[in-house]
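Contents: one structure, followed by commentary.
The values are calculated or read from the model by the stated rules, or taken from the named source; none is laboratory data. This is a predicted model, so every value here is computed, not measured. Cβ placement follows ideal geometry from the backbone for every residue including glycine, while neighbour counts extend to all protein chains displayed.
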Amino acid sequence: MNNSELAKALNLTPVINVSGTMTYLGASIVVPQAIEAMTKILPEFVKMEELQRFASRTIARLTGSEAGFITASCASGISLAIAGCMTKDNLLAVEALPETAAPYDVVIQAGHNVSYGAAVDQAVRLTGARCVQAGQATQCQPYHLEQSINENTVAALYVVSHHVVEYGQLPLSLFCEIAHARGVPVIVDAASEYDLRRFLADGADIVLYSGHKFLGGPTSGIVAGKKELVRYAWLQNRGIGRGMKVGKESVYGAIAALEAWETRDHQRVRDNETRILDLWVAGLANIPGVQAAREADPTDNPLERCKITLDPTLTRTTAWDLAQTLAAGKPSIIVRDHLAEKGYFYLDPCNLHPGQEEVVLARLREALAAAREAPTAKKTAFAEILKQRQQAILRWPD
Ligand SMILES: *Cc1c(COP(=O)(O)O)cnc(C)c1O
């Protein structure tokens with residue numbers, strides 16, 4: 001069933017996703033290897049411990065870790081890893097969380113305490129620990145981290161993401177050096193990062209990835225790291241991890257996605273994305289007030305996006321209004337608009353089915369032409385957009 005057949009059967013809006021991997025759109029296109037694996041295992045019984053041991057070996061091979069397991073999401077991976085640092089192998093303490101006998105702190109650079117759709121620090125607080133911020137949003141010096149660590153500190157959390165403040169933060173290797181000198185393990189949230197080895201190589205004790213982002217696996221999370229800490233995190237499945245349970249299909253699907261990643265022809269994928277970007281840039285050239293250009297990923301993933309900047313005096317629409325117009329059409333075209341208030345948005349080529357790039361370009365050109373020719377310019381105040389979004393959130397299920 002393709003997207004529009006599915007949309008018709010369930011009365012949903014057909015979607016073309018040029019925003020990247022978004023939980024609210026169903027994450028990514030799951031690779032055929034993962035779909036096949038999930039289909040195979042669904043009717044069978046397995047010993048989950050054995051299946052997860054198999055996952056551990058695959059994760060170790062791909063990440064260079066000592067051990068690993070699959071959980072429900074990267075967000076649950078954060079909670080489980082932190083909880084493991086708190087309880088170690090004390091099974092009674094595992095059951096007691098989020099209640100603890102003593103206070104526990106997790107240190108994080110203030111500029112890393114962001115939202116990925118939910119707050120990073122809430123993933124920590126779920127365990128019963130407290131998040132202690134080192135430095136200010138725009139700067140964390142070595143002394144900030146050094147002096148944020150005390151006898152209650154059980155872990156130091158580091159976030160790699162386009163969401164974090166992009167300057168003034170400690171590099172991971174220095175962050176690890178400072179934490180390790182004080183006996184504190186480092187947990188890295190690398191949910192969307194393509195590089196499966198770098199963060200452990202830089203000194204992280206546990207690294208967490210999403211299974212459903214770049215890997216194209218089912219909704220899942222990957223926990224990888226030092227064997228002892230991974231075991232402590234694993235034990236949380238008898239405690240707060242129960243509500244983050246992952247099924248056999250997700251474990252096997254995530255393993256299949258990892259293996260597919262290992263053998264994927266990354267150059268071919270990249271070449272296709274470059275072709276799409278060039279098509280968009282060429283197709284948007286010479287439109288009054290529109291600038292389109294390729295831009296590298298901010299966290300150095302090997303991918304580029306098409307940045308589209310509008311001059312509203314010429315386009316007669318703002319970046320956020322144009323994004324909304326595209327999203328309101330059929331199919332709904334969802335652009336990457338988290339920076340729209342700055343006058344631009346991106347088109348991400350990573351989650352397209354063949355031919356959709358042409359639809360995106362045609363619809364963009366159409367919407368820009370309509371805006372130019374409309375009797376009145378469409379320039380909603382950004383504050384108004386914020387209010388509308390909040391109302392829309394609170395309206396569900398209507
Ligand atoms: C997406 C994301 C998460 C959450 O990942 P899930 O697997 O969807 O829970 C956490 N951290 C960062 C930096 C992310 O980008």
Which residues, taken from the range 12-43, are in contact with a Leu (Cβ under 9 Å, 6 or more places away or on another chain) and more than 16 Å from the ligand (Cβ to nearest atom)?
Leu12, Pro14, Val15, Ile16, Val18, Val31, Ile41
Filter pass, Val46 being outside any helix (DSSP H, G or I) and within 16 Å of the ligand (Cβ to nearest atom)
no
Out of the residues in the range 192-208 that are out of contact with any Leu (no Cβ under 7 Å at 6 or more places or on another chain) and closer than 29 Å to Gly26 by Cα, state the one that is surrounded by the most Cβ atoms within 10 Å (Cβ to Cβ).
Leu208
Among (1) outside any loop (DSSP other than H, G, I, E, B); (2) of a type in the set (A, V, I, L, M); (3) within 16 Å of the ligand (Cβ to nearest atom); (4) in contact with a Pro (Cβ under 9 Å, 6 or more places away or on another chain), Ala7 falls short only on (3)
List every residue pair whose Cβ atoms sit under 6 Å apart, with the two residues 6 or more apart in sequence or on different chains, where the first one lies in the range 105-123 and is not assigned by TED's automatic domain parsing to the domain that holds Val154 and basic (Lys, Arg) and the second, anywhere, is near the ligand (Cβ under 9 Å from one of its atoms) and at pLDDT 95 or above.
none
Check Asn286, Asn301, Asn272 and return the single one that is polar (S, T, N, Q), in a loop (DSSP other than H, G, I, E, B), more than 22 Å from the chain's Cα centre (by Cα) and surrounded by fewer than 18 Cβ atoms within 10 Å (Cβ to Cβ).
Asn286
I need a count of the residues in the range 359-398 that are in a helix (DSSP H, G or I) and in contact (Cβ under 8 Å) with a residue 60 or more places away in the chain.
9
Candidate set: the range 173-191, residues that are surrounded by 20 or more Cβ atoms within 10 Å (Cβ to Cβ) and more than 14 Å from the ligand (Cβ to nearest atom); chosen: the one nearest to the chain's Cα centre (by Cα)
Val186
All positions within the range 238-263 that are in contact (Cβ under 8 Å) with a residue 12 or more places away in the chain and not in a helix (DSSP H, G or I):
Gly239, Lys245, Val246
